[in-house]
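Below: one structure, written as structure tokens.
The values are calculated or read from the model by the stated rules, or taken from the named source; none is laboratory data. Model, not experiment: these values are computed from the prediction. Positions of Cβ are generated from backbone atoms using ideal geometry, with glycine treated the same way; all protein chains shown enter the neighbour counts.
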Ligand SMILES: C[S@@+](CC[C@H](N)C(=O)[O-])C[C@H]1O[C@@H](n2cnc3c(N)ncnc32)[C@H](O)[C@@H]1O
């Protein structure tokens, strides 16, 4: 379901790869020490054109291309905008925001993130009640955009994984409704077929428009889809 890396990452990807892909997919010589799903993830990653493009362009994740496409459609990133990035590691979304002129931005993740100047980055659990006020304090005012690519580590138990994902979307949406500037926007990673009807209904009450957006960089075999809520009407 989650197309981002499992926590064990490959240190040295093989050389080569381009946007048009290879005629013959690369296979890893050894699977020693890897679970079958880690092995499958690595092989998919190596043969994935967006991962190759991310490496070539210096982006830290293929996820950078997802927010890039979202921004090309909705034009969120601009000089003067205040942006909060929930679940920002390893920093691909922050890189795109900065590249497009955003100077006031704060990210948070459970994992450490290398600096992406001038972003402030917090290493903590967003669900910790002390986190939201810290984000606003670091940002220096109400955000124009709250974006969340948060994805929980899956445990393999379908119902549990599902509840965790929905929980993160809900908590991100409540935060956005609490802190956004009027006219602001909320973007969140969600999953097709997920139990998101309640949160969508809630967003529709507070935003002019709520749509689903599936970027090309989002794997077609993944149920990942992004919720994009624009025109915040206030609490
Ligand atoms: C798909 S990755 C984000 C990729 C990022 N958008 C990028 O462009 O590099 C999802 C991230 O959500 C983070 N995450 C999950 N639950 C979280 C939580 N409760 N608080 C903060 N971060 C969380 C994970 O640690 C993970 O790094």
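Looking at 143, 112, just one residue is more than 13 Å from the ligand (Cβ to nearest atom), at pLDDT 95 or above and either in a strand (DSSP E or B) or over 17 Å from residue 199 (Cα atoms) (or both), and that residue is 143. Among the residues of the range 168-179, is any part of a strand (DSSP E or B) and at pLDDT 95 or above? No: zero hits. From the set of residues in the range 55-78 that are in a helix (DSSP H, G or I), under 15 Å from the mean Cα position of the chain (by Cα) and farther than 19 Å from residue 175 by Cβ, which is nearest to the ligand (Cβ to nearest atom)? My answer is 63. Just one of the listed residues (117, 97) is within 12 Å of the ligand (Cβ to nearest atom), at pLDDT 95 or above and over 23 Å from residue 164 (Cα atoms), namely 97.
Need pairs with beta-carbon distance below 8 Å; first residue more than 9 Å from residue 103 (Cα to Cα) and away from the ligand (no atom under 16 Å from the Cβ) and within the range 79-90, second in a loop (DSSP other than H, G, I, E, B) and at pLDDT below 95; sequence gap 6+ or separate chains. Close Cβ pairs (under 8 Å, with a partner that is in a loop (DSSP other than H, G, I, E, B) and at pLDDT below 95) do not exist here. Scanning the range 115-140 for residues being touching a residue at least 40 places away in the same chain (Cβ under 8 Å), buried (at least 19 other Cβ atoms within 10 Å of the Cβ) and not in a helix (DSSP H, G or I) gives a total of 1.
Checking each residue in the range 184-214 for being outside any strand (DSSP E or B) and within 13 Å of residue 147 (Cβ to Cβ) picks out only 184.
Being crowded, with 23+ Cβ neighbours inside 10 Å and within 8 Å of the ligand (Cβ to nearest atom) is the filter here; which residues of the range 100-109 pass it? Of everything in the range 100-109, just one residue is crowded, with 23+ Cβ neighbours inside 10 Å and within 8 Å of the ligand (Cβ to nearest atom), namely 108.
Among the residues making up the range 24-46, those that are modelled with pLDDT of 75 or more and buried (at least 16 other Cβ atoms within 10 Å of the Cβ) are 34, 38, 39. Within the range 67-76, the set of residues being touching a helix residue (DSSP H, G or I) at 6+ places or on another chain (Cβ under 9 Å) and surrounded by fewer than 24 Cβ atoms within 10 Å (Cβ to Cβ) comprises 68, 71, 76.
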